[in-house]
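For reference, the structure discussed in these notes is given below.
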């Protein structure tokens, strides 16, 4: 999925796992294990990413410029030097927003066709 700054509207839909990672990072900068836990918590355990899947996604998102590795570190008392922290880029936020809007349009059609009764709380 090569996403340049001028073709956000034409990007391919994200995989569900990639979208979950971007959603986790939309809230705050996180390290890998915290991303895994955030996804699991937010989905009530319905989505559990393996570490191999997560780090493959991170590698792809880094290469596509959707996330960056954060250079600054938390205070020493809250840090583990082995951890790498990731941050959503402006482009990553735009791609995640575009994906959320695409999904919202699909859900609107599903509601109009009586496939979904009511909106779910976030």
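The values are calculated or read from the model by the stated rules, or taken from the named source; none is laboratory data. Note that the coordinates shown come from a computational prediction; the quantities given were computed from them, not determined experimentally. In this analysis, Cβ positions are derived from the backbone assuming ideal geometry, glycine residues included, and neighbour counts consider all displayed protein chains.
For every residue, the table says whether it meets (1) assigned to a helix (DSSP H, G or I); (2) modelled with pLDDT under 95.
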{"site": "1", "(1), (2)": "no, yes"}
{"site": "4", "(1), (2)": "no, yes"}
{"site": "25", "(1), (2)": "yes, no"}
{"site": "36", "(1), (2)": "yes, no"}
{"site": "41", "(1), (2)": "yes, no"}
{"site": "44", "(1), (2)": "no, no"}
{"site": "47", "(1), (2)": "no, no"}
If we ask which residues in the range 49-75 are part of a loop (DSSP other than H, G, I, E, B), in contact with a strand residue (DSSP E or B) (Cβ under 8 Å, 6 or more places away or on another chain) and within 19 Å of residue 98 (Cα to Cα), their number turns out to be 1
Return the residues of the range 27-36 that are loosely packed, with under 15 Cβ neighbours inside 10 Å and either touching a residue at least 12 places away in the same chain (Cβ under 8 Å) or over 13 Å from the mean Cα position of the chain (by Cα) (or both); say none if nothing qualifies.
33
When you scan the range 88-117, how many residues do you find that are exposed (fewer than 14 other Cβ atoms within 10 Å of the Cβ), in contact with a helix residue (DSSP H, G or I) (Cβ under 7 Å, 6 or more places away or on another chain) and assigned to a helix (DSSP H, G or I)?
0
Taking only pairs six or more apart or across chains, which ones have beta-carbon atoms under 7 Å, a first residue in the range 95-122 that is more than 16 Å from residue 18 (Cα to Cα), and a second residue that is modelled with pLDDT of 90 or more and exposed (fewer than 13 other Cβ atoms within 10 Å of the Cβ)?
116/110
Residue 9 fails exactly one of (1) at pLDDT below 95; (2) more than 18 Å from residue 83 (Cα to Cα); (3) buried (at least 16 other Cβ atoms within 10 Å of the Cβ), namely (3)
I want to confirm something. Restricting to the range 51-79 and keeping residues that are exposed (fewer than 10 other Cβ atoms within 10 Å of the Cβ) and farther than 19 Å from residue 17 by Cβ, which single residue is modelled with the highest pLDDT?
71
